[in-house]
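The values are calculated or read from the model by the stated rules, or taken from the named source; none is laboratory data. Keep in mind that this is a model prediction, so the values were computed, not measured. Glycine gets a Cβ as well: all are built from the backbone with ideal geometry, and neighbour counts include every protein chain shown.
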Ligand code: 5GP
Ligand code: ZN
């Protein structure tokens, strides 16, 4: 390929990847709130830590004990996380659920993990939301266009 095309192509690729939060170069890490919390530059209420994750209380809890499991590696969405790290996070979820039942006597647990739309912090994290009877936390379930959606998704597997 002619050399004169390389830089414009790389620039466009960089803009595309950055726009989609897929790359972090140099100072970009400084912009990541959860990387700063992991480095200890921003304080947090730590609940659990191991070599792969940090768990701390959400600053704006949905219910008592709402915490976030955050991988130390800067990954953004479900597309970026390795199966190995996802499996590790799953084992941490179980450990924490046990802790929440013992210490906070919660009646259940809702696990939420936002990707792209609805994801305010672009560093992968899992919300662990302890549930209590009559806590009024709810998801909206609706049936109006179920038939069309079934049609669109039926070939997926
Ligand atoms: P998301 O919308 O990205 O799934 O959730 C981001 C979560 O991070 C929110 O629940 C929000 O309350 C929490 N959060 C935002 N900033 C901070 C912070 O500085 N410290 C802590 N501990 N939690 C934060
Ligand atoms: Zn980060």
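From the list 117, 124, pick out the single residue that is surrounded by fewer than 12 Cβ atoms within 10 Å (Cβ to Cβ), out of contact with any helix residue (DSSP H, G or I) (no Cβ under 8 Å at 6 or more places or on another chain), under 21 Å from residue 34 (Cα atoms) and modelled with pLDDT of 95 or more.
None of the other options fit; the residue is 117.
Tell me whether region 47-55 contains one or more residues that are in contact (Cβ under 8 Å) with a residue 40 or more places away in the chain, away from ligand 2 (no atom under 14 Å from the Cβ) and more than 30 Å from residue 136 (Cβ to Cβ). Explain how you work it out, then say what you get.
Within region 47-55, the subset in contact (Cβ under 8 Å) with a residue 40 or more places away in the chain is 47-48, 50, 55.
Those still in the list that are away from ligand 2 (no atom under 14 Å from the Cβ) too: 47-48, 50, 55.
Subset that is more than 30 Å from residue 136 (Cβ to Cβ): 50.
For region 47-55, residues in contact (Cβ under 8 Å) with a residue 40 or more places away in the chain, away from ligand 2 (no atom under 14 Å from the Cβ) and more than 30 Å from residue 136 (Cβ to Cβ): present.
Checking the structure you have, find out if any residue of region 88-110 is in contact with a strand residue (DSSP E or B) (Cβ under 9 Å, 6 or more places away or on another chain) and within 14 Å of ligand 1 (Cβ to nearest atom).
Within region 88-110, one or more residues are in contact with a strand residue (DSSP E or B) (Cβ under 9 Å, 6 or more places away or on another chain) and within 14 Å of ligand 1 (Cβ to nearest atom).
I'd like to verify a number: residues in region 122-137 that are away from ligand 2 (no atom under 16 Å from the Cβ) and either under 19 Å from the mean Cα position of the chain (by Cα) or closer than 21 Å to residue 69 by Cα (or both), how many?
We begin by selecting, within region 122-137, every residue away from ligand 2 (no atom under 16 Å from the Cβ); these are 127-137.
When the remaining residues are screened for being either under 19 Å from the mean Cα position of the chain (by Cα) or closer than 21 Å to residue 69 by Cα (or both), the result is 127-132, 137.
Looking only at that region, the number is 7.
Examine region 38-52 for a residue that is in a helix (DSSP H, G or I), surrounded by 10 or more Cβ atoms within 10 Å (Cβ to Cβ) and modelled with pLDDT of 95 or more, and state whether such a residue exists.
Going through region 38-52, the residues in a helix (DSSP H, G or I) turn out to be 38-39.
Remaining after also requiring surrounded by 10 or more Cβ atoms within 10 Å (Cβ to Cβ): 38-39.
Now narrow it down to the ones that are modelled with pLDDT of 95 or more: 38-39.
The answer is yes, given that some residue of region 38-52 is in a helix (DSSP H, G or I), surrounded by 10 or more Cβ atoms within 10 Å (Cβ to Cβ) and modelled with pLDDT of 95 or more.
How many residues are in a loop (DSSP other than H, G, I, E, B) and within 20 Å of residue 60 (Cβ to Cβ) if we restrict to region 126-139?
Taking region 126-139 and keeping what is in a loop (DSSP other than H, G, I, E, B), we get 132-139.
Still in the running and within 20 Å of residue 60 (Cβ to Cβ): 132, 135-139.
The total comes to 6.
When residue 68 is evaluated against the numbered criteria (1) within 14 Å of the chain's Cα centre (by Cα); (2) farther than 16 Å from residue 49 by Cα; (3) in contact (Cβ under 8 Å) with a residue 40 or more places away in the chain, which criterion, by number, is the only one it fails?
Every condition holds for residue 68 apart from (2).
Give all pairs with beta carbons closer than 7 Å in which a residue from region 115-135 that is more than 11 Å from ligand 1 (Cβ to nearest atom) meets a residue that is at pLDDT below 95; count only pairs at least 6 apart in sequence or on separate chains.
131/137
Pull up region 76-112, narrow it to residues that are surrounded by 16 or more Cβ atoms within 10 Å (Cβ to Cβ) and within 16 Å of ligand 2 (Cβ to nearest atom), then point me to the one that is nearest to residue 134 (Cα to Cα).
Among those residues, the one meeting the criterion is 89.
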